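Visitor: Just passing along the structure, written as structure tokens.
Since every read-out is calculated from the coordinates, none of them should be taken as a lab result. Bear in mind that the values here come from a model prediction, so they are computed numbers and not experimental data. Note that we place each Cβ from the backbone using ideal geometry, even for glycine, and neighbour counts take in every protein chain shown.
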Amino acid sequence: MLSDWQFIAIFVALSPIFPAAPIILNRLLGPSKPNPIKQQSYECGIETVGDTWVQFKVQYYIYALVFVVFDVEAVFLFPIAAAYDRLDLFAIGATALFIFLLADGLVYAWNRGVLEWI
């Protein structure tokens, strides 16, 4: 029993090392002199022309959020599809309700014109 807790304690003690190690190694091994050429903004090898600040339409963010919602839906539906033959009637009903609510959100977004790109 104690060995399980020792394993967790070692894991918790060592876990800050993994994100900190690349940062520390970058500081130690990376170049430290500031270089004006390296500090310029790089955009596919083309010099920027005009103001680089562009304000995007809010519609693009909503379009991305709708994409994320349906991407998460796929993550939740994959285990259900993998174990479909072992599900009881309640689980199938809950899955149907989940799909109905997401489809309702899709119809709502479609009717509001959120999914139109232009």
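Visitor: How big is the dipole moment of the chain about its Cα centre under a simple scheme where the beta carbon of each Lys and Arg is +1, that of each Asp and Glu is -1, and everything else is neutral? Debye, nearest 20, please. Present the calculation step by step, with values, prior to reporting the outcome.
Guide: Values: 6 positive and 10 negative charges, 105 e Å.
Approximately 500 debye in magnitude.
Visitor: Any chance you could run the full-extension gain for Ala9 through Asn111? It's 0.36 nm times the residue separation minus the Cα-Cα distance, nm to one decimal. Display every interim value, and only then the final one.
Guide: Values: separation 102, 0.36 × 102 = 36.72 nm, distance 5.31 nm.
That pair, Ala9 and Asn111, stretches by 31.4 nm at full extension.
Visitor: Take the alpha carbon atoms of region 58-112, find their radius of gyration, then divide it by 2.2 N^0.38 Å using N residues; give the quotient. Numbers along the way, then the final one.
Guide: Numbers: Rg = 13.5 Å, N = 55, 2.2 N^0.38 = 10.1 Å.
Normalised Rg, Cα atoms only: 1.34.
Visitor: Using only the alpha-carbon atoms of the chain, report the extent along each of the three principal axes, biggest first, to the nearest angstrom.
Guide: 66, 61, 19
Visitor: Then there is this: Based on DSSP H runs of at least 4 residues, each adding -39500 (n - 2.57), what is the mean residue ellipticity at 222 nm of the chain after dividing by all its residues, to the nearest 500 deg cm²/dmol?
Guide: Values: 4 runs with 75 residues, N = 118.
Calculated from helices alone, the mean residue ellipticity at 222 nm is -21500 deg cm²/dmol.
Visitor: Over the chain, with a Gaussian network built from C-alpha contacts below 10 Å, which listed residue (Phe90, Phe76, Phe18) shows the highest mean-square fluctuation?
Guide: Phe18
Visitor: Working out 0.36 nm times the residue gap between Thr95 and Phe18, then minus their Cα-Cα distance, what length gain in nm do you get to one decimal?
Guide: Details: separation 77, 0.36 × 77 = 27.72 nm, distance 3.85 nm.
23.9 nm is the gain from fully extending Thr95 to Phe18.
Visitor: On full extension of the chain, what length is gained from Gln40 through Tyr63, given 0.36 nm per residue of separation minus the C-alpha to C-alpha distance?
Guide: Values: separation 23, 0.36 × 23 = 8.28 nm, distance 3.19 nm.
This chain segment gains 5.1 nm when fully extended.
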